[in-house]
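S.K.: Take a look at this one; I'll ask things after.
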Amino acid sequence: MEEKVKNITTDEQQEYVINMGPQHPSTHGVLRLVVSLKGEIVKNVQPHIGYIHRGIEKMCESITYPQIIHLTDRMDYLSAHINNEAVCLSVEKALEVDIPDRVKVIRTIMSELTRIQSHQLWWASFGMDLGGLTCFFYGLRDREKILDIFEETCGSRMIVSYNCPGGLMYDIHPNFQKRVKDFIKYFRKILPEYDQLLTGNVIFHERSKGIGKLSLKDAISYGITGPSGRASGFSCDVRKHEPYSAYDRIIFKEILFTEGDTYHRYVARIEEMWESMNIIEQLIDNIPDGPFAVKMKPIIKLPEGEYYQRVETARGELGVYIISDGNKNPYRVKFRSPNFVNLSVLNQIASGFKIADLVAIGGSLDLVIPDIDR
Amino acid sequence: MRSIINYLKEIVFGVWSLMKGMKVTGSYFFRPGTIVTQKYPNNRKDLVMFDRFKGEVVMPHNEKNEHKCTGCGICEINCPNGSIEIISKSIVTEDGKKKRAIDKHIYRLGMCTFCALCVKTCPSNAIAFAQGFEHAVFNRALLIKTLNKPGSQLMKGVE
Ligand code: SF4
Ligand code: SF4
């Protein structure tokens, strides 16, 4: 008996398997990671998903196109507006309707606001994962300003449901432009504070530089998009390569790095916030006049066929693939969600690092679990 | 010798970077004007929500207890999750014609996802969003509401 116990504890070949999650605070949702450890070194990470599977794709088959919008809010709830837009764009593409300029510009501004607030929340929780609780309060404090803008114009703070096929649900609130401008002015002053708090911090450097390197080759073969992919040098910004809405008329640069470690995934997001502010500033003063929606038929039926539209959410490329058989409900809807794909690379980049680094690496991929499970 | 200098340099840099962060947090300590937290629920009396805030669906009635809902059922069709149920009855109008009218407009607050499709598609603008948000109750049955008030009637002139 004694010998057996001794064997297990001293056997160097033994791997120690632990469950991280599904209720672990650093997985930001119900994600379960089965981690094989040797000592403190991660040997293998196996994600187990499906804890928050709601069957959104299947549900879409039994409801009409305008009704799908509110379900996409609940996939990647931090990019709710951009998800809405993806569905609307693919429906509009199928019906070949011309969208007024006003709608395009407002959608773009809203998308960029969504991107900023998503990155703010990510920054807040990433700082907290690494032990800096202050970040969490500061990030959420600034995010509140954007949520107020959403609340005033769309009526909800997070799951906005502001798009509908053909345009927007309502026109922007009269205060919208002023509030957005105030926010940009405020946030341009605050963002350097983020750098002082976390980016320049020596503990943060030690924990993120050189950790979880993702090579360009791996990024492309796994299909890692969004800031995580661009930190490895994978030029994958849909806004740049396949402009939708008003992205073709504005000047912005795609944030690209080549290192691909946790630190650069972090910097890529910070830089994206600056870039998003530039985009908003170019548009906010010249929102064209016109209708905020085109009149659609009360029952929208797509012609038979297949339609695909991709957009850039805060986490990467979201693809909406609709197969229609000519009815008012889609025959099949498939969402290519960025988080599901980004999660798949976790084992590749976390192996060989310490278990505490797994938290940092997972945080830097910025996973939103409901988007993985759908 | 060099390694010792580097070591000391690292310590100085480390402490300096920490101080920089502390400066930010410390400066907020002396700027009470930047506090953003609201003292909810103490400020309940003067808490104003945005006028578009989607708190719950209501049916506005005028002072004569009249509403605009014709009982057409369009909101019921458009609701993605069956939160709305229209129970209609047939009534006899003054000129002796039979007509469909609303008996009960049932709204299940517990199921509603606040997508605003019902409010947007209602042809006679009979329903709207109210700004209340304190919906917690002890009994789930209380979340099933009847929007038209008892004894209410269709407003004159609304078809
Ligand atoms: S609330 Fe509006 S849509 Fe619903 S039944 Fe009444 S009139 Fe029709
Ligand atoms: S807001 Fe949406 S979910 Fe709620 S009752 Fe209206 S249509 Fe149904």
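The values are calculated or read from the model by the stated rules, or taken from the named source; none is laboratory data. Just so it is clear, the model here is predicted, and its values are computed rather than measured. Positions of Cβ are backbone-derived with ideal geometry, glycine not excepted, and every protein chain shown enters the neighbour counts. Areas reflect the complete protein model, heavy atoms only, side chains present, ligands, DNA and RNA absent. Shrake-Rupley method; radii C 1.70, N 1.55, O 1.52, S 1.80 Å.
S.K.: Can you compute the charge dipole magnitude of the stretch B:27-93 about its Cα centre, using +1 on each Lys and Arg Cβ and -1 on each Asp and Glu Cβ, nothing else charged? Give it in debye, rounded to the nearest 20.
M.R.: It works out to roughly 360 debye.
S.K.: Keeping the other protein chains in place, figure out the carbon and sulfur percent of the accessible area of chain A, with a 1.4 Å probe.
M.R.: So the carbon and sulfur contribution to the accessible surface is 54 percent.
S.K.: Sticking with the crude label model, points 7 Å out along Cα→Cβ, report the distance from B:R44 to B:M1 in nm, one decimal please.
M.R.: With each label point 7 Å from Cα toward Cβ, the separation is 7.4 nm.
S.K.: Separate question: Checking the cross-link filter: which aspartates and glutamates have an alpha carbon closer than 18 Å to that of B:K9, excluding same-chain neighbours under 8 positions apart?
M.R.: A:E206
S.K.: Can you tell me which of A:P288, A:P100, A:P298 moves the most in a GNM of chain A? Springs connect C-alpha atoms under 10 Å apart.
M.R.: Looking only at A:P288, A:P100, A:P298, the largest GNM fluctuation is found for A:P298.
S.K.: Unpartnered cysteines of chain B (Cβ-Cβ under 4.7 Å counts as a partner)?
M.R.: B:C69, B:C72, B:C79, B:C112, B:C115, B:C122, each lacking another Cys Cβ under 4.7 Å.
S.K.: How big is the dipole moment of the protein assembly as shown about its Cα centre under a simple scheme where the beta carbon of each Lys and Arg is +1, that of each Asp and Glu is -1, and everything else is neutral? Debye, nearest 20, please.
M.R.: With only Lys, Arg, Asp and Glu charged at Cβ, the dipole is about 1040 debye.
S.K.: Tilt of helix B:2-29 relative to the longest C-alpha principal axis of chain B, in degrees (0 to 90, nearest 10)?
M.R.: Around 40 degrees separate the two axes.
S.K.: Show that you can apply the helix-only estimate: for chain B, add -39,500 (n - 2.57) for every DSSP H stretch of four or more residues, divide by all residues, and state [θ] at 222 nm to the nearest 500.
M.R.: Mean residue ellipticity, 222 nm, calculated: -7500 deg cm²/dmol.
S.K.: What aspartates and glutamates could a cross-link reach from A:K181, if we take a straight Cα to Cα line under 17 Å and drop same-chain neighbours fewer than 8 places away?
M.R.: Once the sequence-local aspartates and glutamates are set aside, what remains near A:K181 is A:E112, A:D142, A:E144, A:D148, A:E151, A:E152, A:E275, A:E281, A:D285.
S.K.: Describe numerically, in nm with one decimal, the distance between label points set 7 Å from Cα along Cα→Cβ at B:K89 and at A:F137.
M.R.: Those two pseudo-labels are separated by 5.8 nm.
S.K.: Under a Cβ-Cβ cut-off of 13 Å, what is the net charge of the residues other than B:S27 that fall near it, where Lys and Arg count +1 and Asp and Glu count -1?
M.R.: +3
S.K.: Are there any residues in the stretch A:196-234 with a reduction of at least 10 Å² in accessible surface when going from the isolated chain to the assembly of protein chains? Probe 1.4 Å, please list them by number.
M.R.: A:Q196, A:L197, A:G200, A:N201, A:V202, A:I203, A:H205
S.K.: Place a point 7 Å from the Cα of A:K354 along the Cα-to-Cβ direction; which residues of the stretch A:33-49 have their backbone N under 16 Å from it?
M.R.: What the label zone holds, given the 16 Å backbone N cut-off, is A:37-43.
S.K.: Per residue of B:36-44, how many C-beta atoms from partner chains lie within 10 Å of its own C-beta, taken as a mean?
M.R.: Mean partner shielding for this stretch: 1.
S.K.: Which value at 222 nm does chain A reach when only helices count, each DSSP H run of 4 or more adding -39,500 (n - 2.57), with the total divided by all residues and rounded to the nearest 500 deg cm²/dmol?
M.R.: It lands at -15000 deg cm²/dmol.
S.K.: Still on this structure: Does the stretch A:151-236 classify as rounded, prolate or oblate by the C-alpha gyration tensor (a ≥ b ≥ c root eigenvalues; a/c under 1.5 gives rounded; else a/b over b/c gives prolate, otherwise oblate)?
M.R.: oblate
S.K.: Hey, rough spin-label estimate for B:E66 and A:D289, points 7 angstrom out along Cα→Cβ, what's it come to in nanometres?
M.R.: 3.7 nm
S.K.: Now a separate question. How well do other chains shield peptide B:46-53, expressed as the mean number of their Cβ atoms within 10 Å of each residue Cβ?
M.R.: 4
S.K.: Then there's this: Search the structure for amide H atoms under 5 Å from the amide H of A:T225, placed 1.01 Å from N in the peptide plane, and list their residues when 5 or more places away or on another chain.
M.R.: A:E317
S.K.: Shielding of B:23-34 by partners, i.e. mean partner chain Cβ atoms within 10 Å per residue?
M.R.: Other-chain Cβ atoms within 10 Å of each residue's Cβ, averaged: 2.
S.K.: Sticking with this one: For each pair in A:K213/A:K253; A:K58/B:K89; B:K20/B:K54; A:K185/A:K240; A:K104/B:K104; A:K104/B:K45, compute the distance between the two Cα atoms and list the pairs where it is over 32 Å.
M.R.: A:K58/B:K89; B:K20/B:K54; A:K104/B:K104; A:K104/B:K45
S.K.: How much length is gained if the chain between A:E96 and A:W274 is pulled fully straight, taking 0.36 nm per residue apart and subtracting their Cα-Cα distance, in nm to one decimal?
M.R.: Once the chain is fully extended between A:E96 and A:W274, it gains 60.7 nm.
S.K.: Provide the per-residue ³J(HN,Hα) series for the stretch A:181-191, in order, calculated from phi with Karplus coefficients 6.51, -1.76, 1.60 and θ = phi - 60°, each as a whole number of Hz, with x at glycine and proline positions.
M.R.: Result, ordered by residue: 5, 4, 4, 4, 4, 5, 6, 5, 7, 7, 4 Hz.
S.K.: Checking the cross-link filter: which aspartates and glutamates have an alpha carbon closer than 15 Å to that of B:K97, excluding same-chain neighbours under 8 positions apart?
M.R.: B:E159
S.K.: Counting other Cβ atoms within 10 Å, which GluC sites (Glu not before Pro) in the stretch A:15-69 have at most 15 and lie in a DSSP loop?
M.R.: Here the GluC sites (Glu not before Pro) that fit, given the DSSP loop and packing criteria, are A:E15, A:E40, A:E61.
S.K.: Which links in B:K64/B:K149; A:K328/B:K68; B:K98/B:K156 stretch past 19 Å when you go from one Cα to the other?
M.R.: A:K328/B:K68
S.K.: Quick one: compute a quarter of the convex hull surface over the Cα atoms of the stretch B:72-144 and quote it in nm².
M.R.: Convex hull of Cα atoms, orientation-averaged projection: 6.0 nm².
S.K.: In Å² (nearest 100), what accessible area is buried between B and A, both sides summed, heavy protein atoms only, 1.4 Å probe?
M.R.: 2500 Å²
S.K.: With N denoting the number of residues in the stretch A:97-165, provide Rg(C-alpha) divided by 2.2 N^0.38 Å, to two decimal places.
M.R.: Cα Rg divided by the expected 2.2 N^0.38 Å: 1.33.
S.K.: Roughly how far apart, in whole Å, are the Cα centres of the stretch B:33-63 and the stretch B:91-159?
M.R.: 22 Å
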